[in-house]
Amino acid sequence: MKKVLVVFDSTYGNTEKLGREIASGIEETGIAECKVINIDDVESEDLSVYDGVLFGGPIHAFRATRGIKGAVKKAAKKGLDGKLVASYDTYQATSHEGKAAKQIEGLLKKKASGANVLSPGLSALVLDREGPLQDDEPAKAREFGQRFAQELGE
């Protein structure tokens, strides 16, 4: 069975919840098992055992957070070549939809040029500053996880 790592940066728990829903979708396929970690744990994680890695964070001040960008850079130095990678984000304002995911994706392409990037990433609406996620977002996250797993299985 393949292995996938889901990395999140989350202030109020919404991006973590989204990452866990993605992981559930991946595991539902039976193609891969998942581990979900906070950005602080990337440095100690052995990335060589994973076939795929997803990175997600909220948008803050029109950008992906420094935390998730730092995690991507650390992971790229440790080795993402040959792995399937993807991005996801959470946002509040419609004009911010997908911006952090696109920035994370751009960083992955720049810092981990040997990785296979699944594009586009996932973007999920948070209803208020502290959440919750909009009702249909968890289901979309599981579907995104299933798509990631199918791509990994090919």
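Sort out which residues of the stretch 60-75 are at pLDDT below 95 and either part of a loop (DSSP other than H, G, I, E, B) or hydrophobic (A, V, I, L, M, F, W, C) (or both), and write them in order of number. Matches in the stretch 60-75: A61, F62. Return a yes/no flag: does the stretch 135-152 have any residue that is among the polar types (S, T, N, Q) and in contact with a helix residue (DSSP H, G or I) (Cβ under 7 Å, 6 or more places away or on another chain). Yes: one or more hits. Residues in the stretch 48-72 that are crowded, with 16+ Cβ neighbours inside 10 Å, more than 19 Å from C34 (Cβ to Cβ) and of a type in the set (D, E, K, R): K69 only. Residues that are among the small types (G, A, S), under 14 Å from the mean Cα position of the chain (by Cα) and either assigned to a loop (DSSP other than H, G, I, E, B) or at pLDDT 95 or above (or both) do not occur anywhere in the stretch 35-51. Within the stretch 1-14, residues that are under 15 Å from S123 (Cα atoms) reach partners that are among the acidic types (D, E) and at pLDDT 95 or above with beta carbons closer than 7 Å, at six or more positions or on different chains, in the pairs F8/E16; S10/E16. T90 meets all of the listed conditions (1) part of a helix (DSSP H, G or I); (2) polar (S, T, N, Q); (3) crowded, with 17+ Cβ neighbours inside 10 Å but one, namely (1). When the stretch 19-34 is filtered for residues that are part of a loop (DSSP other than H, G, I, E, B) and not hydroxyl-bearing (S, T, Y), the ones remaining, listed by number, are G30, I31. Looking only at residues of the stretch 113-130 that are in contact with a Ser or Thr (Cβ under 9 Å, 6 or more places away or on another chain) and small (G, A, S), we find that the one that is surrounded by the most Cβ atoms within 10 Å (Cβ to Cβ) is A124. The number of residues in the stretch 143-154 being modelled with pLDDT of 95 or more and either surrounded by fewer than 19 Cβ atoms within 10 Å (Cβ to Cβ) or in contact with a His (Cβ under 7 Å, 6 or more places away or on another chain) (or both) comes to 5.
The values are calculated or read from the model by the stated rules, or taken from the named source; none is laboratory data. Since the model is a prediction, treat every value here as computed from it, not as a measurement. So basically every Cβ, Gly included, is an ideal-geometry build from the backbone, and we count neighbours across all protein chains shown.
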